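Take a look at the structure set out below.
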Amino acid sequence: MSSVVVTGAGTGIGRAIAERLAADGWAVVALEHDAALASELEGVVAATVVGDAGDRDDIAAAVTAAEALAPLGGWVNNAGITTQGTLHDPDPEQVRRLLSVNVDGVYWGCSAAVRSFTERGAPGAIVNISSIHGRAGAVAHAAYDTSKGAIDALTRHVASAYGPYGIRANAIAPGAVMTQALERSFEEADDGAARRAGLERQAPLRRIGEPAEIAAVAAFLLSEQASFLTGQSIAVDGGWTTALVPPPLDPELAERYGLR
């Protein structure tokens, strides 16, 4: 058995990944900043650490907790936040916080994992949760787009620098996923139904993804089934990034498939 750390494991994609990896036999350590959410993980994961993924001391505590259970074999940098903002009128504190979590947290998480692997002379696997924002820009997402591009670049660095030692790193770039945060955005929108329909139409598969679908890819990337796969950012987005514009429906096929 090996241990794995999952950051931001209290809700959404992180929670789904933690549950999937625990079911697959990993000794999962959840690093979660919200104490209430962390307490809900009791009985789901092997151990929890209440702390900030952007804090090196909290990351070190997660490593210690994981290595007390079993040799560290995997690491999932999932913790991240989303805020809107422009380059011409930024909120400096908001930008600082986003980059601290989304970039610093992933950087120090990768560093901690690589250090643990190399100190033992062991292989290991890292999965970083990026976004389709890492490969295409969106209006009013200046800092967020920047952070996700940085994650993809760091993933490639880990793969190239540490591949000779059996250490793999890959990123997952989700599109729209039905997390609690996305559900709240629908509730808070002036027209939540229209916002949801717009996201569904954006992807050729014409729906929003589920956290479990991201977790399934993370589990694969950490497994030996992905032993020759490294340095990649895999879009799990319903085909969103394959289309220049939302694809129109063919009327005949739409009728045949019951689409509208």
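Just a few scattered comments:
- Using the Cβ-Cβ distance between THR241 and ASP34 with R0 set to 35 Å, the FRET efficiency works out to roughly 0.70.
- Among the GluC sites (Glu not before Pro) in the range 188-260, none sits in a DSSP loop with a Cβ that has at most 16 other Cβ atoms within 10 Å.
- Looking at the range 13-91, none of the trypsin sites (Lys or Arg not before Pro) sits in a DSSP loop with at most 13 other Cβ atoms within 10 Å of its own Cβ.
- Classified by the C-alpha gyration tensor, the range 137-184 has an oblate form. Its axis ratio a/c, with a ≥ b ≥ c, is 1.5 or above, and a/b does not exceed b/c.
- Selected from VAL106, VAL217, VAL28 as most flexible by GNM, with the chain as the system and alpha-carbon contacts under 10 Å: VAL217
- Modelled spin-label separation between GLN180 and GLN225, with each label point placed 7 Å from Cα along the Cα-to-Cβ direction: 2.9 nm.
- Taking label points 7 Å from Cα along the Cα-to-Cβ direction, ASP24 and GLU187 give a separation of 3.1 nm.
- Cα gyration tensor shape for the range 1-74, rounded if a/c is under 1.5, else prolate or oblate: oblate
- Label-to-label distance, nm, for residues given as ARG96 and ALA122 (7 Å Cα→Cβ offset): 3.8
- Every helix of 4 or more DSSP H residues in the chain counts as -39500 (n - 2.57), and over all residues that averages to -13500 deg cm²/dmol at 222 nm.
- Neighbour counts of other Cβ atoms within 10 Å put MET178, MET1 in the fewest-to-most order MET1, MET178.
- Fully extended contour minus Cα-Cα distance, from ALA68 to THR82, at 0.36 nm per residue: 1.7 nm
- Length gained when the stretch ARG256-ARG115 is fully extended (0.36 nm per residue, less Cα-Cα span): 45.3 nm
Each reported figure results from applying straightforward, stated rules to the coordinates on display, with no laboratory input. None of these values were measured; they are calculated from a predicted model. With ideal geometry, Cβ positions are generated from the backbone for all residues, glycine too; neighbour counts draw on all protein chains shown.
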